[in-house]
1. Can you confirm whether segment B:74-86 contains a residue that is at the interface with another protein chain (Cβ under 9 Å from one of its Cβ atoms) and basic (Lys, Arg)?
2. Name the helices (runs of 4 or more DSSP H) wholly within segment A:66-138 that hold at least 2 residues that are over 27 Å from residue A:190 (Cβ atoms) and in contact with a Leu (Cβ under 9 Å, 6 or more places away or on another chain)?
3. Can you confirm whether segment A:153-166 contains a residue that is buried (at least 22 other Cβ atoms within 10 Å of the Cβ), in a helix (DSSP H, G or I), at the interface with chain B (Cβ under 9 Å from one of its Cβ atoms) and not small (Gly, Ala, Ser)?
4. Looking for whichever is over 21 Å from the mean Cα position of the chain (by Cα), touching a residue at least 12 places away in the same chain (Cβ under 8 Å) and crowded, with 16+ Cβ neighbours inside 10 Å here; the options are B:103, B:99, B:63. Which one fits?
5. Working carefully through the options A:137, A:118, find the one that is touching a strand residue (DSSP E or B) at 6+ places or on another chain (Cβ under 7 Å) and among the aromatic types (Phe, Trp, Tyr).
6. Mind listing just one residue for me: the one in segment B:1-60 that is at positive phi and in a strand (DSSP E or B) and, of those, nearest to ligand 1 (Cβ to nearest atom)?
7. Kindly indicate which of A:148, A:139 is more than 14 Å from chain B (Cβ to nearest Cβ) and crowded, with 23+ Cβ neighbours inside 10 Å.
8. For segment B:189-245, how many residues meet the condition of being among the hydroxyl-bearing types (Ser, Thr, Tyr) and either within 16 Å of ligand 2 (Cβ to nearest atom) or out of contact with any helix residue (DSSP H, G or I) (no Cβ under 8 Å at 6 or more places or on another chain) (or both)?
Amino acid sequence: MRDERPVEMLLGLVALSTTTALVLIAVFIFIEGVPVIARVGPAQFLLGRRWAPDAGSFGIFNMLAGTVWVTVGALCLGVPLGLACAIFLSEVAPRPLARMLKPALELLAAIPSVVYGFMGVVVLVPLVRTTLGGPGFSVLAASAVLAVMILPTITSITYDSLRAVPDSYREGSLALGAGRWQTIAMVLMPAARPGILAGVILGTGRALGETMAVLMVAGNALRAPTSPLDPVRTLTANIALEMGYAQGEHRQALLATGLVLFVVIMAANSVALALSSRRAGEGG
Amino acid sequence: MTAGAGGHKLRTVNLSVFYHRTQALHGISAAFGERLITAIIGPSGCGKTTLLRCLNRMNDHLPGFRLTGEVLLDGQSIYRPGTDLRRLRTVVGMVFQRPNPFPLSVFANVAYGPRVHGVSDRMELWATVERALREVGLWEEMRRRLDRPAPDLPLGQQQLVCLARLLAVRPEVILLDEPCSALDPLATLRIEDLMRRLKCRYTVIIVTHSMRQAARVSDRTIFMLDGRLIEEGPTAAIFTSPRDRRTEDYITGKLG
Ligand SMILES: Nc1ncnc2c1ncn2[C@@H]1O[C@H](COP(=O)(O)OP(=O)(O)O)[C@@H](O)[C@H]1O
Ligand SMILES: [Mg+2]
């Protein structure tokens, strides 16, 4: 038998270094970000409406609101679409077709986000401007681009959860005279719910963290939006826009913004992880 | 030939079934008497499940499934074009080999059928759930635990919940595919008891690999081998004086 220890050690090293990197990043953001939040005051930092780095005002509320608008919008568009795709692939499409379409859909996740942003600028923004009015660079445009970007995540995880539902449930329901859609709505979706929730939360995390595509189509105005057609600046876009020249306290405030995002996304992922492991536990 | 109280509820006429190229049933003509328990016995792979599932068209969606011949329910072909599958399956209901309660509460499981067929009134659903659970003898045990997830129950109770779930839609024919093969002896006895009580109101057809079970509960027995009906008759006659050599071999354990 060949000695496998070198391979094991290499893999261990890789695992160790990625974990270490994650911890280091977390520590770095905390150390750099916490002092500003402490100085400004957490409430003032999160809820302050004035972001004027030159004047030393660091309130991220407008951008926080922007992130919430854009993310909620993306979920409103992306979740129904993603569920519909998954239900179609799992329950309606012939198996060979599903086996072809699913990898194609997952490939969408591999397209660089700048390409999505580009498509948004070229197609979506003019479309919003001409059909709905406003500048076109807007919450709506950003949400729509994000919806397409989170579609693979939601579809793929929902599909897997639906496939994991035993056929005996489908048969049991049909044998009682239920129709196909009743079976889907009343048995399969509830059975797959933990997995579906995990998919939605992972999609949310992705939407919260996405930067480039949003930055390109959102307009980036420093105001809290009042309508889906208003331009908007998200937390991530703000960091990307200002990090290049920020110095001193401004720079720290941007890192503190990153800290807020980091905490929110970590929380979302932990919930998703808990949900999906609960599902695995139930499957036994 | 002794038919049931009301003659034959279900009949197959020269029924042949194919999965792709392979033939699973060869020209089966069998009759199932009303308010009787008919047992289908035979070695594993002889086509018992296939025959049973033809009776409520649960085979329709299987890949490569094809059927010739007829299945008559109250004299009407269930395979004629335009048959309402949903209605057919409320008349001819089925309990599966492995208990398959939905991952919902006991109440939601039993109320599922009526809900699917448009009942939404709470009081009516409660009444139906109580009636169905009483019918399978689970009401006293379950009345305080109706909100428990059904899959958390012991297997025997799961199977009874599945039976109650079926009775809630008021079927006329009950198909049972080895309903006890996953259960312990006590739960098995309980189901067999129940079957004897159910036969006053329902036409019961049970597939079983246990000849003793067939002998204990059934009025008539059908013996199958390699997709063919070998012998059919009153259970006592089949077990004491089989006419066919192969039936005798199977019953005495020389076969399968
Ligand atoms: N879905 C299917 N596709 C192809 N062949 C099948 C299918 N179901 C059953 N068969 C075949 O049909 C024959 C009868 O099977 P089955 O009705 O399950 O027998 P039994 O219930 O008596 O064990 C077997 O040879 C089996 O391999
Ligand atoms: Mg079988």
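Coordinate-derived values only; no laboratory data. On a predicted model such as this, the values are computed, not experimentally measured, just so you know. Every residue, glycine among them, receives a Cβ derived from its backbone with ideal geometry; neighbour counts consider all protein chains shown.
1. So far as segment B:74-86 goes, yes, one or more of its residues are at the interface with another protein chain (Cβ under 9 Å from one of its Cβ atoms) and basic (Lys, Arg).
2. Output list reads A:113-119, A:125-132.
3. So far as segment A:153-166 goes, no, none of its residues is buried (at least 22 other Cβ atoms within 10 Å of the Cβ), in a helix (DSSP H, G or I), at the interface with chain B (Cβ under 9 Å from one of its Cβ atoms) and not small (Gly, Ala, Ser).
4. B:103
5. Just a single option satisfies the conditions, and that option is A:137.
6. Checking each candidate, the answer is B:27.
7. None of the others qualify; the one that does is A:139.
8. Of the residues in that region, 6 qualify.
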